[in-house]
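Asks: I'd like to ask you about the structure that follows.
The values are calculated or read from the model by the stated rules, or taken from the named source; none is laboratory data. Just so you know, these numbers come straight off a predicted model, no measurement behind them.
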Amino acid sequence: MKKSIVLLAGAALLASALVHADQIVTAQSDTAVGGGFAGMTGLMLGAAAGGPLGALVGAGLGYLAGSAGQEAAGLEQTLYVIKDDEGKTTRVRSSSGGFVQGQQVSLSGSQVTQSAP
């Protein structure tokens, strides 16, 4: 009987969120989404106006304008680099900030939530 209680307690501990918690390695502001959309638009407009050279210039200027526009509008996201217990790192963009470097979190798909203490 005592062995089964010890085994159950050990299994519960290993299955707990503390053992499998992921940790935030870095958290930084990110405007790549706005830059990507505006860069693609600039690419198409530049290609229509100036051919291949116009496409390159339009894409570069569009990316810079899109990143700056996203930041000016206050719509930047937070890019989290999260390391799991096996050492694998994952990059997740989230518009809900509040997590800091070193914090224990749970990652479910692309949703980051705080781990239970």
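Asks: Out of (1) at pLDDT below 65; (2) part of a helix (DSSP H, G or I), the odd one out for Ser4 is which?
Replies: Only one criterion is unmet by Ser4, namely (1).
Asks: Something else: Filter segment 55-82 down to the residues that are assigned to a strand (DSSP E or B) and among the hydrophobic types (A, V, I, L, M, F, W, C) and list them by number.
Replies: Going residue by residue through segment 55-82, those that are assigned to a strand (DSSP E or B) are 77-82.
Correct list: Leu79, Val81, Ile82.
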